[in-house]
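Novice: There's a structure below that I have some questions on.
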Amino acid sequence: MASSSSTARVRRQLPTSPWLFAAPGFLVVGVFILYPFVSTVVNSFTDRRTLIPGEFVGLANFRELLHDEMFWIGLRNSTLYVLGVVPALVLLPLLLALLVQKNIPGITFFRSAFYTPVVASIVVVGLIWVWLLDERGLVNAVLEAIGVGRVGFLSDQWLLLLSAMAVTVWRGLGYYMIIYLAALANVPRELHEAASVDGAGPVRRFFTVTVPAVRSTMVLVGALSSVSAFKVFSEVYLMAGPDGGPAGEDTTLVMLVQRTGTGLTGRVGYASAISVVVFVVTVVLMLLVLRADRKEET
Amino acid sequence: MRISRRTLAAAAAVAVVLPLSSCGSGDDGAGSTDASGKVEGDITFQTWNLRANFKPYFEGLIDGFEKKYPGTHVKWVDQPAEGYADKISADAAGGTLPDVVNVSPDLVAPLAKAGLALDLDKSAAKYRKEYLDGAWASHQIPGMTGTYAFPWYLNTGPLFYNKSLFEKAGFDAAKPPTTYDELFADALQLAKKSDGKVATLANVPTIEDFGRYGVELMSKEGTGFAFNDAKGVELLTRYKELYDAKALDPQALTATPESSGKKFLTEAVAMNPGSALDLGNFKKQAPNLYKNIGITDQITSTGKVNMYVMGVMVNSRTKHTPASVAFAHYVTDAQNQMSFAKKVAIFPSTAGSLDDPYFTKEDGTDETRVRIAAAKSLKNAVNYTPVLFSEQMKTALRNEVAKALQGKESPKSALDNAVKACDTLLKQQG
């Protein structure tokens, strides 16, 4: 049994110890997350360039954004990306998870196969899709053979964006499928059995049992995929090229940040202002998804 | 020890204020510009994607320097080609720029403006006469006095064409186009004959193409761009004709030099610019193409072909100015440039080197023929890309050119927009 003086010593030490234990965490968060974030916000109010510190310019960067054609193109494309990709990434992985949910012989192979695009390097994935969709690629060869003729997947502004969306969905299917598999494992079997006894077929059971049971997971998938869709970079960059497609018409906001803020003549202040807009829109997007979820719950 | 709220608040305030401190002018930290002292000390030398193919050459070069100047030690670092400018900008911004850096003129310009490149007219003027006049001038920045890098190797190259594709279109493959008029006429014919399946060119016109076509790129004073003149509009109008007829590859609007090179390799495109270095690639990667390869001179309206210049810059903040200047000169002197040129298809920028039999005497091979022709053309070649033409400006031009080719803008208004955007970026660069 500890003496009263040692108890007092422990009490005195307690407030410090947690901080010491947490210090490495705080340090990492401070240096690698908070500092760059605060730095970006501060830079967005300056005319800082890569090699020139710049000066405080107030809201000038944000005012310039309003008149920057490329910014509006980027905002349009990032928004379209969310609208095009998120519904597919909420629904398709759920259907895929239902398919591979059953424990039948050989199903592990299919689960792994569907997950493969997730672990494949995005650069390799991008290159493969570029080869497939090239004017002289496999897809066009097939289309030509069946009499459709060549399609400019990589030269038409809208087809390029759609192709990039298809790649994003293709890559995301396996990842979200795993999340849904975990959620489906927690759906009580008795509910399905009860619904079957009541005469519900597979489609009805899907809508009355499965969907309500995984609704919170669908919201999570919706929130995660909408944030990553709004911040899309790699797929569009690899398929549309560094300029963002013909005349830059496929540029997304993050591509614009990269293009504007990097290199020896990069406009770091202006690129930071675009980053701040991306951050604000992303937060708003998350809040909207979560709010919609709460409304449905009540 | 208890951590008070005040301590936490102070730490938070420091975290917030710390980034603001980086907005200040910062410590100048400039090194000496005097290169006349004793050559000694440890310096770092950075090259641009050269280790993979030329490791023994550079190790020998460094050994030679260290033997010549005991007391020196050169640490060699090599950076990949991809993102090289970003790597330099990160180093420059972080104060970790190597002492001696392999650069191109467009990289030197912002570094010189930021005071990070040593003015060689002040620190190394005695070496000036060793180099070709044009090469020495290539690292001078409009609006600034001085020269900010030793010229290193030069490169230029012919236009390759696919004889087989030309023959299929009914042309005499021994008579490739030599003027812009012939080029455009042949390209339209080739597209027509192949029903739009074979394009002649795979890249949209770049600033170099405008220069080669005879367009005035910048105002005489160097304070603004001028490629929206009648000649520039004419070039873009002719490219639009090619694009509409599929004589310019439909994917040209998103092409990079690498992707258009691949198109030529796969015989989807009939012509492509290149260098003597490419012949080896054709032989190895596309033997069928190599059998049909035709080589002709760059097409130009000015009579002067385009050349690319590489330089070696000395960091003005180096702590060992004499050693850094001596090493940069050593790398680029006539003897070492000549020995490098014999290992790879590049050309020395030192005076008189191009008269060496290696660049003048035929031996019957294609490689030698290309090398001799290129060396000859280099004597009055021009680096058409203005040194102040940044990556952002290149993007602005490409985007406007794409709009004109797609018919979304007229060539005139597209070029007006591009000039306006580039002028704005030029002003922002300061």
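The values are calculated or read from the model by the stated rules, or taken from the named source; none is laboratory data. No experiment lies behind these values; they were computed from the predicted model shown. Virtual Cβ from ideal backbone geometry, glycine too; neighbours counted across all protein chains shown. Side chains are part of the model used for accessible areas, which takes the heavy atoms of the whole protein and leaves out ligands, DNA and RNA. Shrake-Rupley method; radii C 1.70, N 1.55, O 1.52, S 1.80 Å.
Novice: Which links in B:Lys75/B:Lys394; B:Lys197/B:Lys284; B:Lys67/B:Lys126; A:Lys231/B:Lys403; B:Lys126/B:Lys361 stretch past 29 Å when you go from one Cα to the other?
Specialist: B:Lys75/B:Lys394; B:Lys126/B:Lys361
Novice: Quick one: Cα convex hull volume of the stretch A:146-197, Å³ per residue?
Specialist: Spread over its residues, the Cα hull of the stretch A:146-197 gives 147 Å³ apiece.
Novice: Taking θ as phi - 60°, what are the ³J(HN,Hα) couplings along the stretch B:78-88 by the Karplus curve (6.51, -1.76, 1.60), each to the nearest whole Hz, with x for Gly and Pro?
Specialist: 10, 10, x, 5, 5, x, 4, 5, 5, 5, 5
Novice: Sort A:Trp170, B:Trp76 by heavy-atom solvent-accessible area, probe 1.4 angstrom, most to least.
Specialist: The most accessible residue leads, giving A:Trp170, B:Trp76.
Novice: Okay, next question. Under 5 Å between amide hydrogens, which residues at least 5 positions from B:His73 or on another chain qualify, with H placed 1.01 Å from N in the peptide plane?
Specialist: Those qualifying (amide H under 5 Å, at least 5 residues apart or on another chain) are B:Gly41, B:Asp42, B:Ile43.
Novice: In addition: Compute the projected area of the convex hull of the Cα atoms of the stretch B:286-381, averaged over all viewing directions, and report it in nm² to one decimal place.
Specialist: Here the figure is 8.8 nm², rounded to one decimal.
Novice: Taking all pairs of distinct Cα atoms, average 1/r, flip it, and tell me the Kirkwood hydrodynamic radius of the stretch B:172-218 in Å to one decimal place.
Specialist: 12.2
Novice: Answer with one residue from A:Phe114, B:Ser219, A:Val57: the one whose Cα lies farthest towards the positive end of the charge dipole of the protein assembly as shown, charges on Cβ with Lys, Arg +1 and Asp, Glu -1.
Specialist: A:Phe114
Novice: Right, something else. Measure off 7 Å from each Cα along the Cα-to-Cβ vector at B:Lys175 and A:Thr79, then give the distance between these two points in nanometres to one decimal.
Specialist: 5.9
Novice: Provide Rg and Dmax in Å for the stretch B:318-430, with only Cα atoms included in the calculation.
Specialist: Spelled out, the Cα radius of gyration and Dmax of the stretch B:318-430 are 21.0, 56 Å.
Novice: Please report the buried accessible area for the interface of B with A, total over both chains, probe 1.4 Å, in Å² to the nearest 100.
Specialist: In total, this chain pair buries about 3600 Å².
Novice: To continue, here is another question. Angle, helix B:5-21 long axis vs. longest principal axis of chain B, Cα atoms, 0 to 90°, nearest 10?
Specialist: The answer is roughly 50 degrees.
Novice: Taking every residue in A:40-52, how many Cβ atoms of other protein chains lie within 10 Å of its Cβ, on average?
Specialist: 5
Novice: Hey, got the dipole for the protein assembly as shown? About the Cα centre, +1 on K and R Cβ, -1 on D and E Cβ, debye to the nearest 20?
Specialist: Here the size comes out at about 1980 debye.
Novice: Over chain B, what relative contact order in percent results from Cα pairs under 8 Å that are six or more residues apart?
Specialist: Relative contact order comes out at 24 percent.
Novice: If I model a spin label as a point 7 Å beyond the Cα along the Cα-Cβ vector, how far apart are those points for A:Tyr35 and B:Thr302 in nm?
Specialist: Taking the two extended label points, one gets 4.7 nm.
Novice: The stretch B:289-329 to the stretch B:224-283: how many Å between their Cα centroids?
Specialist: 22
Novice: If you don't mind, another one. Pull up all non-local amide H partners of B:Arg317: gap of 5 or more, or a different chain, and H-to-H distance under 5 Å with H placed in the peptide plane.
Specialist: Placed amide hydrogens put B:Gly31 under 5 Å from B:Arg317.
Novice: What are the radius of gyration and Dmax of the stretch A:182-298, computed over its Cα atoms and given in Å?
Specialist: Computed over the Cα atoms of the stretch A:182-298, radius of gyration and Dmax are 21.3, 70 Å.
Novice: A further question on this structure: Normalized C-alpha radius of gyration of the protein assembly as shown, against 2.2 N^0.38 Å?
Specialist: Here the answer is 1.13, to two decimals.
Novice: Determine ³J(HN,Hα), in whole Hz, for all residues of the stretch A:173-179 in sequence, where each value follows from phi through the Karplus function 6.51 cos²θ - 1.76 cosθ + 1.60 and θ = phi - 60°; x replaces Gly and Pro.
Specialist: 3, x, 4, 6, 4, 4, 4
Novice: Given N residues in the stretch B:209-259, what is its alpha carbon radius of gyration divided by 2.2 N^0.38 Å?
Specialist: Normalised by 2.2 N^0.38 Å, the Cα Rg of the stretch B:209-259 equals 1.36.
Novice: Another question, then. What ranking of B:Asp119, B:Asp172 comes out by heavy-atom accessible area, probe 1.4 Å, highest first?
Specialist: B:Asp172, B:Asp119
Novice: Starting from the Cα of A:Leu143, step 7 Å along the direction of its Cβ; do the same at B:Asn281; then give the gap between the two resulting points in nm.
Specialist: Taking the two extended label points, one gets 2.8 nm.
Novice: If one computes the Cα centroid of the stretch B:126-199 and of the stretch B:342-380, what distance in Å separates the two points?
Specialist: If you average the Cα positions of each part, the centres end up 16 Å apart.
Novice: For B:Met144 and B:Lys291, what is the calculated FRET efficiency with R₀ set at 45 Å and r taken between the beta-carbons, to the nearest 0.05?
Specialist: 0.35
Novice: Sticking with this one: Which aspartates and glutamates does B:Lys262 reach when only Cα atoms under 17 Å apart count, and residues fewer than 8 places away in its own chain are ignored?
Specialist: Cross-link targets: A:Asp134, A:Glu135, B:Asp249, B:Asp278.
Novice: In peptide B:87-94, how many Cβ atoms from other protein chains are near each Cβ within 10 Å, on average?
Specialist: 3
Novice: Let me ask another. Given Cα pairs under 8 Å that are at least 6 residues apart, what percent is the relative contact order of the stretch B:79-228?
Specialist: Reported relative contact order: 12 percent.
Novice: Mind ranking B:321-332, A:58-69, B:202-213 by how tightly packed they are, going by the mean number of other C-beta atoms within 10 angstrom, highest first?
Specialist: Averaged packing, sorted descending, gives the order B:321-332, B:202-213, A:58-69.
Novice: Can you tell me the FRET efficiency between B:Glu267 and A:Ile107 if r is taken as the Cβ-Cβ distance and R0 is 45 Å, rounded to the nearest 0.05?
Specialist: Using R0 = 45 Å, I get an efficiency of 0.50.
Novice: Got a sec? What order do A:Val232, A:Val139, A:Val123 fall in by accessible area at 1.4 Å, biggest, i.e. largest, first?
Specialist: A:Val123, A:Val139, A:Val232
Novice: While we're looking at this one, here's another question. Per the helix-only calculation at 222 nm, which mean residue ellipticity applies to chain B, given -39500 (n - 2.57) for every DSSP H run of n ≥ 4 and division by its residues, nearest 500 deg cm²/dmol?
Specialist: Helix-only estimate at 222 nm: -14000 deg cm²/dmol.
Novice: Now for a different question. In whole percent, what relative contact order does chain A give with Cα contacts below 8 Å and a gap of six or more residues?
Specialist: Computed value for chain A: 30 percent relative contact order.
Novice: Let me confirm one metric for peptide A:15-28, namely the mean number of other chain beta-carbon atoms within 10 Å of its residues' beta-carbons.
Specialist: For this peptide, the per-residue mean of nearby foreign Cβ atoms is 1.
Novice: Is the shape of chain A rounded, prolate or oblate, going by the alpha carbon gyration tensor and its root eigenvalues a ≥ b ≥ c, with a/c under 1.5 for rounded and a/b larger than b/c for prolate?
Specialist: oblate
Novice: With 19 Å as the cut-off, how large is the P(r) tail for the stretch B:38-171, expressed as percent of Cα-Cα pairs?
Specialist: Of all Cα-Cα distances in the stretch B:38-171, 62 percent exceed 19 Å.
Novice: Please work out the Cα center distance from the stretch B:89-124 to the stretch A:256-298, rounded to the nearest Å.
Specialist: That distance is 34 Å.
Novice: Continuing with this model, one more query. Given Cα positions, please report Rg to Rh for the stretch A:245-292, the hydrodynamic radius being the Kirkwood one.
Specialist: Dividing the radius of gyration by the Kirkwood radius yields 1.12.
Novice: Here's a follow-up. Could you list which residues have their amide H under 5 Å from that of B:Trp152, counting only those 5 or more apart in sequence or on another chain, with H placed in the peptide plane?
Specialist: Result for B:Trp152 returns B:Met310, B:Gly311, B:Val312.
Novice: If you take the Cα Rg of chain B and divide it by 2.2 N^0.38 Å, with N the number of residues, what do you get?
Specialist: 1.10
Novice: Still on this structure, I have one more. Express the accessible area of the stretch B:192-322 per residue in Å², computed with a 1.4 Å probe while the remaining protein chains stay in the model.
Specialist: Accessible area per residue: 42 Å².
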